[in-house]
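Worksheet: one structure, shown below.
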Amino acid sequence: MAGRWIETWEPENETFWRESGERVARRNLWFSVLSEHIGFSIWTLWSVMVLFMGPEYGVDPAGKFFLISTATLVGALARVPYTFAVARFGGRNWTVFTAVSLLAPTLAAYLVMEPGTSYATFVAVAALTGIGGGNFASSMTNINAFFPLREKGWALGLNAGGGNIGVPVVQLIGLLVIGTLGAAHPRIVLGVYIPLIVVAAVCAALYMDNLRPVRNDTGAALEAARDPHTWIMSALYIGTFGSFIGYSFAFGLVLQTQFGRTPLQAASRTFMGPLLGSLIRPVGGRLADRHGGARITLATFAAMGAATSVVIYASASASLPVFLVGFTALFVLTGLGNGSTYKMIPGIFHAQALEKGLDGEAAAAHGRRLSGAAMGFIGAVGALGGLAINLAFRQSFQTSGTGTAAFWSFLTFYAVCSALTWVVYLRRPAPLPCPRSRRPVTRRCSRGTAWRRAT
């Protein structure tokens, strides 16, 4: 796929952006959203398929949690190579390929989704759906290169939010099938997605572009991996996106297992939280653009702690209405935090470039170079948070029959994330050294004007 290659791309140049760049960037954004949206639906497919798996399938709740954990793990691991594939093959070309590749797990699930299939087969097919999780990393890396720093919060939030909506959409389709035809027809859900995958691939081929200036940079990857901010942001992203994807996978199973809901009752309540969390993600990015990513992130983690306390109370008292209110609030807050944390990533590396004496396009290029590499690591580690959530639920239900113990562990982690955000990005002076320096911390290094704007 030779594709269409753009030879020169300078989004920080306001004249270039106004005359042609913005139009091209927005076109690529919309079709990136479409492809990523389908990818998220396929990645989270088993959060719906397990609702169709009645007693005749012979899979207990712990086995179902393991299925969705397998999909989560593979999706997280796929994010690292998918990040670097954009520079190797081109954003347009890689989007076409990844869209077409989604046919493999969808067709495989279509073939095996029936009673009598071995559990090992279900695990293998669930693992295959994990490739849909990798689409997020390549899509975000690609869109990060298209937009100027001043619009990255909005653009990355919209790209990710539109993709995240794939979670509630596949759950809504599952609800419609269960509500109209019953729980014996999972293949209808899969049949809906086969033509949608083809449409996403064709649209990417026709309307997206490759950026010639985007190149894989081994030095950038190594530098990003050595930078402490990459791993600090990874921890924060575990708290936001890891929570979002982990709860999205597990919510329906928790309702069935702890509150005795039927597949239809569980499906009718499962989609709303992920939908709200997806829709509000661009709002989190926009708020971060205006008020600073660290401030929004800290407020989000504090609110997530409060919402988790509500869920713990509801879980212990078996109050389904209170549980639904608290859990829905958690979804909304994870969406806000997803937007604000991803805004922080390019801003942090751009601020480091300014502190090194770079300015203008040189600083912007340095920020794009390192943030593009860092996003792969951060996205992968953040998605592993979803795996941790599913495993925590599995252990909690095996041990006590409820998810209360798991929620206590989540509350503790949100407190750690709040402290980390405050200490590193808001407290004065910051405890981290200047990038690539052993000098003691100085106010200029860690708390200059550019740094405050970035975080």
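The values are calculated or read from the model by the stated rules, or taken from the named source; none is laboratory data. The structure presented is a predicted model; accordingly, all values stated were derived computationally and were not measured. Cβ sites come from the backbone with ideal geometry, for glycine too, and all protein chains shown count toward neighbours. Remember, those area values only see protein heavy atoms, side chains included, never the ligands or the DNA or RNA. Shrake-Rupley method; radii C 1.70, N 1.55, O 1.52, S 1.80 Å.
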Open item on the list: of a type in the set (G, A, S) and surrounded by 20 or more Cβ atoms within 10 Å (Cβ to Cβ): which single residue out of G174, G179 fits that description?
Closed with: G174
Open item on the list: Out of everything in the stretch 357-367 that is out of contact with any Asp or Glu (no Cβ under 9 Å at 6 or more places or on another chain) and within 13 Å of V214 (Cα to Cα), what residue ends up being most open to solvent (accessible area, probe 1.4 Å)?
Closed with: H366
Task: Among the residues listed as G134, G90, G75, the single one being touching a Lys or Arg at 6+ places or on another chain (Cβ under 8 Å) and more than 25 Å from H185 (Cβ to Cβ) - done: G134
Open item on the list: Please verify whether V112 is out of contact with any Cys (no Cβ under 8 Å at 6 or more places or on another chain), surrounded by fewer than 22 Cβ atoms within 10 Å (Cβ to Cβ), in contact (Cβ under 8 Å) with a residue 24 or more places away in the chain and not basic (K, R), treating the condition exactly as stated.
Closed with: no
- [ ] Look through the stretch 73-97, keep the residues that are basic (K, R) and crowded, with 23+ Cβ neighbours inside 10 Å, and return whichever of them is farthest from A201 (Cα to Cα).
- [x] R79
Task: Criterion: buried (at least 21 other Cβ atoms within 10 Å of the Cβ), closer than 14 Å to G153 by Cα and under 17 Å from the mean Cα position of the chain (by Cα) - qualifying residue of G284, G242, G273 - done: G284
TODO: Would you check which residues across the stretch 261-270 are open to solvent by 10 Å² or more (accessible area, probe 1.4 Å) and either of a type outside the set (D, E, K, R) or part of a helix (DSSP H, G or I) (or both) and list them?
DONE: T262, P263, L264, Q265, S268, R269
Open item on the list: Among the numbered criteria (1) modelled with pLDDT of 90 or more; (2) surrounded by fewer than 24 Cβ atoms within 10 Å (Cβ to Cβ); (3) within 18 Å of P228 (Cβ to Cβ), which one does T297 miss?
Closed with: (2)
Open item on the list: Checking the structure you have, find out if any residue of the stretch 304-320 is part of a helix (DSSP H, G or I) and under 18 Å from the mean Cα position of the chain (by Cα).
Closed with: yes
TODO: Among the numbered conditions (1) farther than 30 Å from H185 by Cβ; (2) of a type outside the set (S, T, Y); (3) in contact with a Ser or Thr (Cβ under 7 Å, 6 or more places away or on another chain), tell me where A299 comes up short.
DONE: (3)
TODO: Name every residue in the stretch 229-256 that is more than 17 Å from G376 (Cβ to Cβ) and not polar (S, T, N, Q), in order of residue number.
DONE: G239, F244, G246, Y247, F249, A250, F251, G252, L253, V254, L255
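Matching residues to (1) over 30 Å from R212 (Cα atoms); (2) surrounded by 24 or more Cβ atoms within 10 Å (Cβ to Cβ); (3) in contact (Cβ under 8 Å) with a residue 24 or more places away in the chain:
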site	(1), (2), (3)
F331	yes, yes, yes
E355	no, no, yes
L370	no, yes, yes
G382	no, yes, yes
TODO: For the stretch 72-118, name all the residues that are under 20 Å from V59 (Cα atoms) and in a loop (DSSP other than H, G, I, E, B).
DONE: M113, E114, P115, G116, T117, S118
Task: Hits in the stretch 384-400 (condition: open to solvent by 40 Å² or more (accessible area, probe 1.4 Å) and touching a Gly at 6+ places or on another chain (Cβ under 8 Å)) - done: L384, A388
